[in-house]
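Here the structure comes first, spelled out in structure tokens, and everything after it is commentary.
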């Protein structure tokens, strides 16, 4: 398999992953938690290994964090993921249990 | 990845970039002093010289940037975060990186080779590569605003 084919497959997989993420509009409490702890977006981004722009996008709801980043943010605040991210929109859609 | 490993990655990149700068400078020296006059007057050769000069400048800038980053732990961590930021990766993937860049470089390479035989083919291939890269940058800017 050529390098170009591998790159194309990886891009397609990432695009699929992104299209899945865009289905949900997840609200967060990050801004509120930051204000409580007097943290800047830059400081939080540095601590969780991302950029200030990403934190801004997550806060305003333009971008949905990956599970790994959501875990890091929640862990940083000492809370569970569902205490930082609001999954009520997903819950409303119903899941087979 | 810990920062020590990332430091090694940056040092490896610096070695590769230094080698590329030497190649670019070598090409420029050859083109200035030893290239035949018939070659010097061609548009393709002038384009290659311009490409080598700009490549050397960009790589030298990156080398300088990496030198500064390696001497400061905070900058190192910030650069690591920047390079591995998931949103940035998502924006790049949506804009077509790295395929567009690879294809554009291949078009430029093909254009430079074809240029020695036909100038029109050279111009068309370079224009196609430029258009592709501009489209990619425009998409990246669009997704940076919307994501």
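The values are calculated or read from the model by the stated rules, or taken from the named source; none is laboratory data. In this text the structure is predicted, and so the values were computed from the model without any measurement. FYI the Cβ positions are ideal-geometry reconstructions off the backbone, even for glycines, and counts take in every protein chain you see.
The table below lists the values:
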quantity	calculated
Where a residue in region A:59-74 is at the interface with another protein chain (Cβ under 10 Å from one of its Cβ atoms) and its partner, wherever it lies, is assigned to a helix (DSSP H, G or I) and buried (at least 18 other Cβ atoms within 10 Å of the Cβ), with Cβ under 7 Å and at least six apart	A:63/A:54; A:63/A:57; A:63/B:87; A:65/A:58; A:65/A:73; A:69/A:48
Flag for residue A:10 being within 25 Å of residue B:101 (Cβ to Cβ) and either facing chain B (nearest Cβ under 8 Å) or at pLDDT 95 or above (or both)	no
Matching option when the condition is modelled with pLDDT under 95 and more than 13 Å from chain A (Cβ to nearest Cβ), among B:129, B:114	B:114
Test for residue A:45: is it modelled with pLDDT of 95 or more, within 11 Å of another protein chain (Cβ to nearest Cβ) and either assigned to a loop (DSSP other than H, G, I, E, B) or within 30 Å of residue B:75 (Cβ to Cβ) (or both)	yes
Residue in region A:31-42 that is nearest to residue A:78 (Cα to Cα), counting only those that are within 14 Å of chain B (Cβ to nearest Cβ) and in a helix (DSSP H, G or I)	A:41
Test set (1) touching a residue at least 12 places away in the same chain (Cβ under 8 Å); (2) over 20 Å from residue B:105 (Cα atoms); (3) surrounded by fewer than 15 Cβ atoms within 10 Å (Cβ to Cβ) - residue B:43 fails condition number	(2)
Exclusive hit being away from chain A (no Cβ under 11 Å), part of a helix (DSSP H, G or I), exposed (fewer than 13 other Cβ atoms within 10 Å of the Cβ) and on the phi < 0 side of the Ramachandran plot, set B:51, B:57	B:57
In region B:103-147, the residues that are within 26 Å of residue A:63 (Cα to Cα) and either touching a strand residue (DSSP E or B) at 6+ places or on another chain (Cβ under 8 Å) or not in a helix (DSSP H, G or I) (or both)	B:147
